[in-house]
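The values are calculated or read from the model by the stated rules, or taken from the named source; none is laboratory data. None of these values were measured; they are calculated from a predicted model. Cβ: placed from backbone, ideal geometry, glycine included. Neighbour counts: every protein chain shown.
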Amino acid sequence: MSAPDLGPPSCHCVTCADEGVPMRVLGFAGGAGLADCAAEDGETTAVDTTLVEPVTAGEQVLVHAGVALVKLDEAGEGPPAQATWPAPAPRSAP
């Protein structure tokens, strides 16, 4: 029995059916980890940036549910080439 062909993966959140929105960081709101960001249509909102810190004004981030999930490159298409991911912590022997 073969698996059904489900087509290409969806760009929508499986939990709420919303999608990520590319936004540009404008500056920083009052609290730590909050940035004022603008979407392409000019809508601005405060965004939690703690998952992608450090961020600076002018950078682009992908925002879902008010949280920046990843920094985008200058073209707004995925993580920057120089992005580094933290190495997993070494496990101790059992």
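So the values come out like this:
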item: Inter-residue pairs, beta-carbon under 7 Å, first among the acidic types (Asp, Glu) and in the stretch 45-65, second assigned to a loop (DSSP other than H, G, I, E, B) and exposed (fewer than 14 other Cβ atoms within 10 Å of the Cβ), 6+ apart; result: ASP48/GLY66
item: Subset of the stretch 39-52 [surrounded by fewer than 14 Cβ atoms within 10 Å (Cβ to Cβ), touching a strand residue (DSSP E or B) at 6+ places or on another chain (Cβ under 9 Å) and closer than 18 Å to GLU74 by Cα]; result: ALA39, GLU40
item: Where VAL63 falls short, out of the listed (1) surrounded by 14 or more Cβ atoms within 10 Å (Cβ to Cβ); (2) at pLDDT below 90; result: (2)
item: Subset tally (residues that are surrounded by 15 or more Cβ atoms within 10 Å (Cβ to Cβ) and at pLDDT 85 or above) for the stretch 23-32; result: 4
